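One structure is given below, encoded as structure tokens.
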Amino acid sequence: MTYSLKSISAEPYPDETFVKLKTVQLEESDGIAYLTLNRRPKNEMDALFFNEFVWLARDVLPNLKVKGMIIQGSGRHFSSGTEMAEFKNGLSIDQTPDKEKLFMKNVASFQILSNLSLPVVAVVRGCCIGSGMELALACHFRIAGPNAMFALPETQFGLMPGCGGTIRLQELVGRGRAIELILTGRSLLAEKAREYGLIDYISPNKDLLKSAELLIRQVISGKNPGMAVSGRRYNIPKFLKSP
Amino acid sequence: MKLEYSIDNNIGKITLNHPPYNTLVDPVFENPDRLSEFLENPELKAVVITGKGKHFCTGADLNSLAVQLNDPKALQDRMDEGKQLLNIISFATVPVAAAIRGSCMGAGFEIALACHFRFASENSLFGFPETDHGLIPGFSGTMATLDAISRETLISLILSGRMIGAAEAKNAGIIEEVLPTGELLAKTAAFLESMVADRPQYQIRAVLESIHNSKKFSRDEALKKETALFLEVAKKYFKLNRK
């Protein structure tokens, strides 16, 4: 094992390394790491989630000896994002510099994913909203089921995306489209998301993991990098750029 | 060429005024401070840029250019200064849409490409005729942001000098919509309104500033600034909505 194991699970997983926390779990199988948000149905991103995710991103993910990573939500959805009510409560009471540091830690943890020099693929089923969508944006690739739904609705609540959305969205869909999507906060279904370049492929829900695994194998094989980046106008992952 | 400014219902309008073709006699076609001042107007939530009369802008006045070429160093300085005007438009912290009728060529096309959105009438024409005149686009056209036009289209248009119509421009992703001439201004303004009507000005400016930051700063810097802007917006929102 290449990292310390914090296992709370009672079930033995002899061949797979396994980390199970309250909001998120990490498994490895056949050289691919699977990071799953595991509070179905919403897989919401509250303070507890960010606590656990920041730890994982800083202390565990960079040390994994895997060739690719898949990020997904358990159950029907990827993530509904931050719980608005709790979030607004917290923000209105506490506007100290500590809050700023805390938020910066959160966004830095997403950036760690982007900086990994192995392909990170978001597998999106159902809703992918707010900071949930920002997590998907931080990945190198996004594959979604046909009924997946994407939105950055923060401006509808008087706020704005604060976990990298305003920086990353335009790299996928272009500046004009990003301005329009963020200011309106409107949602996109998978087909439109693919047309705009927000996601790379659509697969039936039952094939999503296989598609993600295939994509990872193609990318790391180096034999067909064009396939992995075809149709992209922007944002070709760094590790694909140089030979 | 003179610029005319007006604001109606929080939507600003900038008119390129040198009919019939609204040509640029001088690369510095407006005082940069005047342009910035208008774009920072607290009444403003979005801006339409359009040409007086039947055309958007056919670019530099060639007779003036020939005269200016007698002093290439001075011309170079003027062009560098003029290009800053396009940056001011491009990095405006309110959404900017070009409403294009008739010819949109050369520097005119470069001005349109600096905008966040482009809407055009059925009879509009786009192109870079510079190469036909033994020149190259020198007003940021060769660096037109990929947000507005793909590299392939850009190279093809610049080298061939050919003109394309509204339909081809829409297919190439250069313009959002082709509109009947009579509805061009109204529908462009309506598009902007649908994005900004329900958003307070400070929120619009924060979102756009953050989106632009990804082009001005390193990734980490831009992410930090997004957090700061996010907290500013949240603070203002809670102050205005204290129950």
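The values are calculated or read from the model by the stated rules, or taken from the named source; none is laboratory data. No experiment lies behind these values; they were computed from the predicted model shown. With ideal geometry, Cβ positions are generated from the backbone for all residues, glycine too; neighbour counts draw on all protein chains shown. The area values use the complete protein model at the heavy-atom level, side chains included, leaving out ligands, DNA and RNA. Shrake-Rupley method; radii C 1.70, N 1.55, O 1.52, S 1.80 Å.
So which of A:ARG175, A:ARG125, A:ARG168, A:ARG142 ends up being within 18 Å of the chain's Cα centre (by Cα), over 24 Å from A:PRO41 (Cβ atoms) and basic (Lys, Arg)?
When all the criteria are applied, what remains is A:ARG168.
For a quick check of your reading of the model, give me the residue pairs whose first member lies in the stretch B:22-36 and is open to solvent by 10 Å² or more (accessible area, probe 1.4 Å), whose second is β-branched (Val, Ile, Thr), with beta-carbon atoms closer than 6 Å and at least 6 apart or on different chains. Close Cβ pairs (under 6 Å, with a partner that is β-branched (Val, Ile, Thr)) amount to B:THR23/B:THR58; B:SER36/B:ILE88.
Here is the figure for the stretch B:193-202: residues that are closer than 13 Å to B:VAL96 by Cα, at the interface with chain A (Cβ under 7 Å from one of its Cβ atoms) and out of contact with any strand residue (DSSP E or B) (no Cβ under 6 Å at 6 or more places or on another chain) total 1. Just to be sure, is B:LEU192 surrounded by 14 or more Cβ atoms within 10 Å (Cβ to Cβ) and free of Cβ contacts under 8 Å to residues at least 24 places away in the same chain? It is false that B:LEU192 is surrounded by 14 or more Cβ atoms within 10 Å (Cβ to Cβ) and free of Cβ contacts under 8 Å to residues at least 24 places away in the same chain. Number of residues in the stretch A:51-88 that are touching a Lys or Arg at 6+ places or on another chain (Cβ under 8 Å) and hydrophobic (A, V, I, L, M, F, W, C): the value is 2.
A:SER131 meets the conditions (1) within 14 Å of another protein chain (Cβ to nearest Cβ); (2) without any contact (Cβ under 8 Å) to a residue 40 or more places away in the chain in every case but one. The failed one is (2).
Looking at A:LYS105, A:LYS88, A:LYS99, which is the one that is under 30 Å from B:ARG242 (Cβ atoms), of a type in the set (D, E, K, R) and free of Cβ contacts under 8 Å to residues at least 24 places away in the same chain?
Of A:LYS105, A:LYS88, A:LYS99, the one residue that is under 30 Å from B:ARG242 (Cβ atoms), of a type in the set (D, E, K, R) and free of Cβ contacts under 8 Å to residues at least 24 places away in the same chain is A:LYS99.
Within the option set B:THR153, B:THR131, B:THR142, being hydroxyl-bearing (Ser, Thr, Tyr), within 14 Å of chain A (Cβ to nearest Cβ), open to solvent by 10 Å² or more (accessible area, probe 1.4 Å) and over 29 Å from B:ILE7 (Cα atoms) holds for one residue only, B:THR153.
For the stretch B:203-243, residues that are open to solvent by 40 Å² or more (accessible area, probe 1.4 Å), within 8 Å of another protein chain (Cβ to nearest Cβ), under 19 Å from A:LEU102 (Cβ atoms) and of a type outside the set (Asp, Glu) total 3. Screening the stretch B:161-188 for residues that are of a type in the set (Gly, Ala, Ser) and open to solvent by 20 Å² or more (accessible area, probe 1.4 Å) and picking the one that is farthest from the other protein chains (Cβ to nearest Cβ) gives B:GLY182. Residue under question is B:ASN87, and the condition is that it be polar (S, T, N, Q) and within 10 Å of the chain's Cα centre (by Cα); does it hold? Answer is yes for this residue.
Note on the stretch A:195-204: among residues that are in a loop (DSSP other than H, G, I, E, B) and surrounded by fewer than 20 Cβ atoms within 10 Å (Cβ to Cβ), the one that is farthest from the other protein chains (Cβ to nearest Cβ) is A:PRO204.
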